[in-house]
Amino acid sequence: MKTIGILGIQGAIEEHEAMLRKIGCKTLRVATAKDLGKINGIILPGGESTSIGKQLEWSGLMNPLRQALSAGLPVFGTCAGMILLAKEIEGKKSQNRIGLMDITVKRNAYGSQLDSFVTDLNVSGFPEPLPAVFIRAPRIESCGEEVEILASYKSHPVLVRERNMLAASFHPELTDCAELHRYFAFQLSGSL
Ligand code: GLN
């Protein structure tokens, strides 16, 4: 059975756990470097990227996590989790982050909490559109050549993959559709 870790600092942790259990995975809340050795992949949940980034630094987990991801540990960053993976954040050069994915993101570019919305996305490789919840979501402004765009919304990429790294502007865990979790846990984490 696959064990998928969820970075256990802050944000939509329980919702990801529920999705992963629904598709038959074990889950582990990742709090220390030791936990990284016990998992087949890790989800970085949505929440507040500034506080998650700071706590990753303070706790000493930032470097071990960066090393594990560089070495190929599959990762799925959703919303704030995507911001943590991005190499560039527009206007925020100094924000603490993992910074491994060749994307530039703009935080809160889809508006405030009140502008939150749900939409259906056509995702490459999936026969049916998948539901996506956008909450103070980051927009991907540009991607490097190695980055594969799996879904776009209004001509901006919103779901991208670079090797072992998958990132979404939105929250798949707040829908009743577990297809992206299934893709992450069984295809991406299984193929590497
Ligand atoms: N706006 C948040 C940030 O910048 C992300 C919001 C979310 O994860 N839903 O970190």
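The values are calculated or read from the model by the stated rules, or taken from the named source; none is laboratory data. Here the structure is a predicted model, which means the values were calculated and not measured. All Cβ positions, glycine included, derive from the backbone under ideal geometry; neighbour counts span all protein chains shown. What goes into the accessible areas is simple: the full protein's heavy atoms, side chains included, and nothing from ligands, DNA or RNA. Shrake-Rupley method; radii C 1.70, N 1.55, O 1.52, S 1.80 Å.
Can you confirm whether Ala86 is touching a strand residue (DSSP E or B) at 6+ places or on another chain (Cβ under 9 Å) and either of a type in the set (S, T, N, Q) or over 18 Å from His171 (Cα atoms) (or both)? So Ala86 fails the test.
Step by step: first the residues of the range 89-115, then only those that are among the polar types (S, T, N, Q) and surrounded by 15 or more Cβ atoms within 10 Å (Cβ to Cβ), then the one that is farthest from the ligand (Cβ to nearest atom). Which residue is that?
It comes out as Thr104.
Entry remark, the range 30-73: residues being away from the ligand (no atom under 16 Å from the Cβ), touching a residue at least 24 places away in the same chain (Cβ under 8 Å) and open to solvent by 10 Å² or more (accessible area, probe 1.4 Å) number 16 in total.
Here the condition is being out of contact with any strand residue (DSSP E or B) (no Cβ under 9 Å at 6 or more places or on another chain) and closer than 27 Å to Ala178 by Cβ; of Gly72, Gly77, it holds for Gly72 alone.
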